[in-house]
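In what follows, a single structure is set out as structure tokens and then discussed.
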Amino acid sequence: MKKTISSKVSCDEELLELCETISKMELDCTVESKGDRVRVHVFGYDKDVLKDNYRTVREVMEKIKRKYQKDEEGLYKYRLFELKYPVNKQLVMETLKTLGYKVLYEEEENAIRTDIDINKFNEILKELQELSQELRFSRLGSKPVKNLVILSSYITKKPVDMIIEEALEKGIFREEEGKIVLNKDINLAKKELLEG
């Protein structure tokens with residue numbers, strides 16, 4: 001028995017991710033592509049198993065499509081646990097908003113909907129993760145303070161150490177019991193650091 005799913009892909013990266021994901025699933029199926037068309041044939045001897053495998057492949061195809069093709073509102077959907085570079089959700093959302101992108105968070109699916117494409121999104125995530133790694137051994141107190149330093153460094157292109165020094169000099173941060181903590185309202189601090 002065989003069931004076939006036909007679909008369109010928007011780019012080679014989408015097709016490649018689809019093929020890689022399906023191959024890891026170890027299902028009895030084949031993938032054919034020609035131009036922007038893709039066809040997946042799912043095989044099985046048991047009717048129920050075939051139905052389950054077909055449904056699974058369809059779900060995978062839809063999930064991947066959401067990352068590469070905009071929905072009716074012009075937004076892509078990225079589930080946070082599937083991101084190529086793990087970065088704090090608040091930091092990702094704040095960075096995208098600061099850059100002028102539309103950002104919606106869907107709590108039910110733990111997903112971000114935004115108008116930035118997957119390649120640019122991954123570039124931003126990679127840079128944010130690298131900046132985050134630089135702060136691993138810092139004396140910064142809370143997560144919001146770390147996020148503020150990373151965001152400011154990313155937007156202004158200044159090194160994280162320079163951002164921290166600047167914030168201490170301006171009284172945005174203060175040292176308290178060996179830690180660097182926020183000394184002002186976070187929104188005011190963000191405005192000062194990003195404009196400075």
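The values are calculated or read from the model by the stated rules, or taken from the named source; none is laboratory data. For clarity, every value in this text was computed on a predicted model and none was experimentally measured. When we count neighbours, we look across all protein chains shown, and the Cβ atoms used for this are built from the backbone with ideal geometry, even at glycine. The area values use the complete protein model at the heavy-atom level, side chains included, leaving out ligands, DNA and RNA. Shrake-Rupley method; radii C 1.70, N 1.55, O 1.52, S 1.80 Å.
Determine if the range 127-150 includes at least one residue that is without any contact (Cβ under 8 Å) to a residue 12 or more places away in the chain and either of a type in the set (A, V, I, L, M) or within 18 Å of GLU14 (Cα to Cα) (or both). No, the conditions are met nowhere in the range 127-150. Considering each residue of the range 103-114 in turn, at least one proves to be surrounded by 14 or more Cβ atoms within 10 Å (Cβ to Cβ), free of Cβ contacts under 8 Å to residues at least 60 places away in the same chain and under 30 Å from GLU166 (Cα atoms). Counting only residues that are within 13 Å of ILE5 (Cα to Cα) and either of a type in the set (A, V, I, L, M, F, W, C) or in contact (Cβ under 8 Å) with a residue 24 or more places away in the chain (or both), the range 23-35 holds 3 of them. When the range 167-183 is filtered for residues that are part of a strand (DSSP E or B) and open to solvent by 60 Å² or more (accessible area, probe 1.4 Å), the ones remaining, listed by number, are ARG174, GLU175, GLU176, LYS179. Checking each residue of the range 152-165 against the condition of being touching a residue at least 60 places away in the same chain (Cβ under 8 Å) and over 11 Å from the mean Cα position of the chain (by Cα) gives at least one match. When every residue of the range 11-20 is checked against the conditions, at least one turns out to be under 18 Å from the mean Cα position of the chain (by Cα) and open to solvent by 70 Å² or more (accessible area, probe 1.4 Å). Considered as a group, the residues in the range 123-155 that are under 28 Å from GLU73 (Cβ atoms) and in contact with a Leu (Cβ under 8 Å, 6 or more places away or on another chain) include one that is surrounded by the fewest Cβ atoms within 10 Å (Cβ to Cβ), and that residue is ILE155.
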